[in-house]
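Before any comments, here is the structure.
Each reported figure results from applying straightforward, stated rules to the coordinates on display, with no laboratory input. Just so it is clear, the model here is predicted, and its values are computed rather than measured. As a convention, Cβ positions derive from the backbone with ideal geometry for all residues, glycine included, and neighbour counts pool all protein chains shown.
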Amino acid sequence: MSPTPTTGRPTELRRRITKLEKVFQLDAIAAQSMGPEQIAEHYENCFGAYRRRHSREGSLHLALNEGRRFNEAGFNGQAERLRKLWVGQPHGDVLELGFGQGYNLSALAPALPGTRFSGVDITPGHVAHVQAMLADRGIANVQARQGDFHALPWPAAHFDQVYSIEAFCYARHLPTALAEVARVLRPGGALTLIDGYLTRQPQAMQPDEAQAALLAAKGMAMDGIPVESELLHAAAAAGFVLERHTSLNAQVRPNVQQLERKVRLFVGWPWLARRLLRRLNPLVMRNVLAGYLMGPAMECGIWTYSELVLRKPAR
C-alpha cells in the first residue's frame, strides 16, 4: 500500500521536519547505514551526554510516570514491572539483552539477591563501565559480557527469564535474534520486551510520517524502528506465545514531553544550532531528531510504547 500524498495544511510532523532541515543535513543522515559498529560508536560518544541530559544515574530508557508530570523516579518503572511479573515464576537465572549503562541490572540484582543475572551489550564502553560499577558496589550476582544478541554466548535452556528494555529494537534480523532467545530460554520461560514500535509499515504511512519515523530511528542509531506487528509475527514463528500486550503510552508521555522541551530551544534558533553542530559531537546532537519527533509521532498514532511478554511453551 502506497502512502497518499499529503495535501492541504502542513502536518505537525512536516512543520518539525522543516525546522530540522534548517539545522541538519537530513538526507545524509537518512542515507547512513547503522550497523553494529555504528551503534557501538553512537553509545560510546553519547555516554556522558545521556547522564547530563537524560538520567544522572545512567538510565538510557524512558521513564514511566503516572499522571502528567515527569519524575526521575519513573526510570525505575520498567524494573518494577519486571519484579512484579516474576512473582510466582521461576527467575533463578535471568538475562538482560542490551544492558546499556547498567541501570536495570544495578536496580534488580541487589533487590533479588537469589537470582543470577547475566547481561550482554554490544558497546565495549558499556561493558567496562558496568563491570567496574558492579565491583565498586559489591554486586556479585551479575555477569556482564560484551556480545551480540544474534549469537548469545550461553548454552541452550540456560535462563528462566530474558528481558530487554529499549534495546531489542536494535535487532538487525528478528528471526535470528528471537531464535537465539528461544534457544537460551528454558521451557516455560518468558521474553519480556519494553520498547517503542511503529504501528504500521512506513510504506503504509503518509510521506511526512514515514520520513519522521526514519529520522527518529537514525537519531537513535537505528536503520529503522521495528513494526510491532512484524515483531509479533516473527515471535510466533519462533515458537513464542504472546501472553501480555500492554500499552504504556500514557506512562512515557511526560518523559517524551520533557525531552521535547529540552530540544525545542535548540531547533528554534537554527543559526545558533548550526554553529553548535560544528563545535559539538554530531553523533550526540542527532539525539535531537528523536527528541523532537517522538511526541508528534505518538500523537498521530505511528509510534507506540508497549510491554510484550512472550512465553516459550513448556514441554
R0 of 22 Å, Cβ-Cβ distance residue 145-residue 32: FRET efficiency to nearest 0.05: 0.20
Unit charges at the beta carbon, dipole of the chain: most positive-side option, 60, 189, 227: 60
Separation of alpha-carbon centers, region 261-275 and region 165-179, rounded to whole Å: 33
Crossing angle, helix 249-268 versus the chain [Cα axis fit, 0-90 degrees, rounded to tens]: 40
For the chain, built as a Gaussian network whose Cα springs stay under 10 Å, the top-fluctuating residue of 68, 16, 279: 279
On Cα atoms only, tilt of 207-219 relative to the major axis of the chain in degrees: 60
Residue of 95, 231, 293 that the Gaussian network model of the chain assigns the largest fluctuation, springs spanning Cα pairs under 10 Å: 231
Neighbourhood charge, 15 Å Cβ-Cβ cut-off, centred on residue 51 and excluding it, Lys, Arg +1 and Asp, Glu -1: +1
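Compute the signed sum of charges (Lys and Arg +1, Asp and Glu -1) over the other residues within less than 12 Å, Cβ to Cβ, of residue 228. Kindly include the intermediate steps, with their values, before the conclusion.
On the way: positive: 200; negative: 195, 230, 307.
Overall, the nearby charge balance is -2.
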Most mobile of 139, 165, 302 in a GNM of the chain (Cα contacts under 10 Å): 139
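Of the listed peptides 304-313, 105-114, 214-223, 33-42, what is their order by residue-averaged count of other C-beta atoms within 10 Å, with the highest listed first? Show your work: numbers first, answer last.
Working: 304-313: 19.8, 105-114: 16.9, 214-223: 21.5, 33-42: 14.8.
Final packing ranking: 214-223, 304-313, 105-114, 33-42.
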Listed residue (49, 134, 86) projecting farthest to the positive dipole end of the chain, Cβ model: 49
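Using the count of nearby Cβ atoms within 10 Å as a rough guide to exposure, how do 43, 163, 50 rank from fewest to most? Walk me through the numbers before you get to the answer.
On the way: 43 22, 163 26, 50 18.
Placing the least packed residue first, the sequence is 50, 43, 163.
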Proxy reagent accessibility, fewest Cβ within 10 Å first, across 315, 274: 315, 274
Inter-label distance, nm, simple model (7 Å from Cα along the C-beta direction), residue 279/residue 314: 6.2
Contour minus Cα-Cα distance for residue 22 and residue 84 (0.36 nm per residue): 17.7 nm
Between 0 and 90°, nearest 10: helix 12-21 axis offset from the chain longest Cα axis: 80
Net +/- balance of residues flanking residue 243 in space, Cβ distance below 13 Å, scoring K and R +1, D and E -1: +2
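Provide 46, 169 in ascending order of the number of other Cβ atoms located within 10 Å of each residue's Cβ, fewest first. Before the final figure, lay out the partial values.
Numbers: 46 22, 169 18.
The most exposed by this proxy come first: 169, 46.
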Pairwise label distance in nanometres, residue 265 with residue 136, each label 7 Å out on the Cα-Cβ vector: 2.9
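Just how large is the dipole of region 12-311 about the Cα centre, in debye to the nearest 20, putting +1 at every Lys and Arg Cβ and -1 at every Asp and Glu Cβ?
Details: 33 positive and 28 negative charges, 228 e Å.
Result for region 12-311 is approximately 1100 debye, rounded to the nearest 20.
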Close Lys-Lys pairs in region 12-311, where close means Cα under 24 Å and separation is 8 or more or interchain: 5
